[in-house]
């Protein structure tokens, strides 16, 4: 027959091992969950930044096409004005003033487009910075420290369980 001390030691040891293994499993599960959430957050951030950069490229292409079209129309307008003035027999300062006005209108339009592009780029840079800050904030929230197994607490708990079992066995008189 086993002594009460051996039985209570086995029970206490089993409880200690079980507690430590449970804590390890919980820490491993939390580490896996954090790794998955971190991966998903990186993918989300990269998709957000990629979308902003794609939009920036599309806007640059649209702006370039608009400026080219404006330049073409201004050139046509100057050519038409020159031909019309020549056919009407008008020359000198009035024609120069008309051509100057057409050039000024083109320059005003191009300046406006470029100014809007600069403002849009400033806003985009601010949005990219905010996205980066949000990414960092989310990564810090996701990757909180993982509770590691409490070996001392598990041993103390196992000893308490073993001593409690020993006391119950002694009081019950099962091993007399």
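Read-outs: derived from the displayed coordinates by stated rules, not from any lab. Not measured: the values here are computed from a predicted model.
Remarks
- Folded to 0 to 90 degrees: helix 151-172 orientation relative to the chain principal axis, Cα: 30
- Contact order relative to length of the chain, as percent, for alpha carbon pairs under 8 angstrom and 6 or more apart: 63
- Helix 93-142 axis, angle to the chain major axis (alpha carbon atoms, nearest 10°): 0
- Rg(Cα)/(2.2 N^0.38 Å) for the chain, N = residue count: 2.53
- Per-residue ellipticity at 222 nm, computed for the chain from helices alone with -39500 (n - 2.57) per DSSP H run of at least four residues, works out to -33500 deg cm²/dmol.
- Rounded tilt (10° steps) of 4-88 against the dominant C-alpha axis of the chain: 0
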